[in-house]
Amino acid sequence: MPLLDVRNLTVSFHTYLGKVEAVRDVSFTLEEGETLAIVGESGCGKSVTAQSLIRLVPTPPGKFEGGEIYFGEKELLSASRKEMEKIRGREIGMVFQDPMTALNPTMRVGKQIAEGIRKHLGLNLRNARCQALQMLNLVGINDPEKRMEQYPHELSGGMRQRICISLALACQPKLLIADEPTTALDVTIQAQILELMQAIQKKMGTSIILITHDLGIVAGMCDRVLVMYGGKVIEQGTVEEIYYSPKHPYTKGLLASVPRLDMEKKKSLSAIDGTPPQLLKPPKGCLFCPRCSSAMRICPEKTPPLKEVSSTHQYSCWLGEKP
């Protein structure tokens, strides 16, 4: 049994302009100790999918239109509010994109970490603070005793993100969701944070879902890749399958836009023309059709079928099919 099994997840937002279909019929699994990347442009449904896994989508305006999310044997969409409060932090941890807004600016760092430990593990204040100190050591914070007494605004961006990781891992959850955890950091600190997450995963055996638009990060860190576009999964497979044998034109376009060390100096990076579709009223047929150079007559008319290249590699496209 997989650690996480998402089946036909559909999430919408009801606005004054109408219903925005943010995530549509998304399905995937995650094994214990595995790292899964969810990639795609901004507005493709990556973060909404991640937030749905721990029921952080505000309802209203959000609404779970359908699907199931199994965490082990527990179905999360039907779980009560109290059950989800026990799961968040204890079983599933989350690292958000901006560490400054993720941390409470009015609380000292040590108190923030110890608070979750006391709530989920039932430790007294002294033992909770000792464990919080151990977590700061684990994530490589220098002079952790001093940092325990500081407020978030007194720390650098890299240190704040390390503290967010320590918060998410304080109760040793089985699953860590990292929603673009390095976007707000400079390149050097990005590398340090990613190396830290890999080291902690090896030590604790934690499964990781990494939400990102940076395919360079995915290559060195992840086992499998989920490519999303227009709120749907259009291709998924192992890192090797996605990088060396991509099938969907959108996946090929994303990979062609990534700088490579073996690229010829005179050769420029290619870009995908156009923008992602408007999900207020999604067009029928293939959502990528208006931007696809290989589009056929059938593409704007019918939704493409899901093709299985292997047991781990699937994609949704009309290419190769008879109209």
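A few notes on this one:
- Computed Rg/Rh of the stretch 11-97, alpha carbon atoms with Kirkwood Rh: 0.95
- The stretch 1-80 and the stretch 129-187: distance between their alpha carbon centers, rounded to Å: 26
- Rounded to the nearest 10 square angstrom, HIS14 shows an accessible area of 90 square angstrom against a 1.4 Å probe.
- Percent accessible area from carbon and sulfur atoms, the stretch 203-259, protein chains only, probe 1.4 Å: 53
- Given charges at beta-carbon only (K, R positive; D, E negative), |dipole| of the stretch 33-103 in Debye: 300
- Taken about its Cα centre, the stretch 182-257 carries a charge dipole of about 180 debye when Lys and Arg each add +1 at the Cβ and Asp and Glu each add -1 at the Cβ.
- When the helices of the chain are scored as -39500 (n - 2.57) per DSSP H run of n ≥ 4 and the total is divided over every residue, the value at 222 nm lands at -9000 deg cm²/dmol.
- Compactness of the chain is given as radius of gyration and Dmax, 20.7, 68 Å, from Cα positions.
- Pair-distance profile P(r), taking every C-alpha pair of the stretch 187-242, with 5 angstrom steps and integer %: 4, 16, 26, 24, 17, 10, 3, 0
- Exposed GluC sites (Glu not before Pro) absent - longest run of the chain, DSSP non-H/G/I/E/B, at most 14 other C-beta within 10 Å: 150-263
- Per the Debye calculation on the stretch 109-208 with a single equal scatterer at every Cα and no solvent contribution, log₁₀ I(q)/I(0) for q = 0.15, 0.24 Å⁻¹ amounts to -0.57, -1.38.
- Pairs of Lys residues in the stretch 1-103 are counted when their Cα atoms are under 17 angstrom apart and they lie 8 or more places apart or on different chains; the count is 4.
- Antiparallel DSSP beta bridges within the chain, as percent of all bridges there, nearest 5: 60
- Surface accessible to a 1.4 Å probe, LEU30 within the full protein complex, Å²: 0
- For the chain, the per residue solvent-accessible surface stands at 51 Å², with DNA, RNA and ligands left out and a 1.4 Å probe.
- Exposed-site-free run, longest, the chain (rule: trypsin sites (Lys or Arg not before Pro); DSSP loop; at most 13 other C-beta within 10 Å): 1-259
The values are calculated or read from the model by the stated rules, or taken from the named source; none is laboratory data. The shown structure was predicted, so the numbers you read here are calculated from the model rather than taken from an experiment. Every residue, glycine among them, receives a Cβ derived from its backbone with ideal geometry; neighbour counts consider all protein chains shown. We work out accessible area using only protein heavy atoms, side chains counted, and drop any ligands, DNA or RNA first. Shrake-Rupley method; radii C 1.70, N 1.55, O 1.52, S 1.80 Å.
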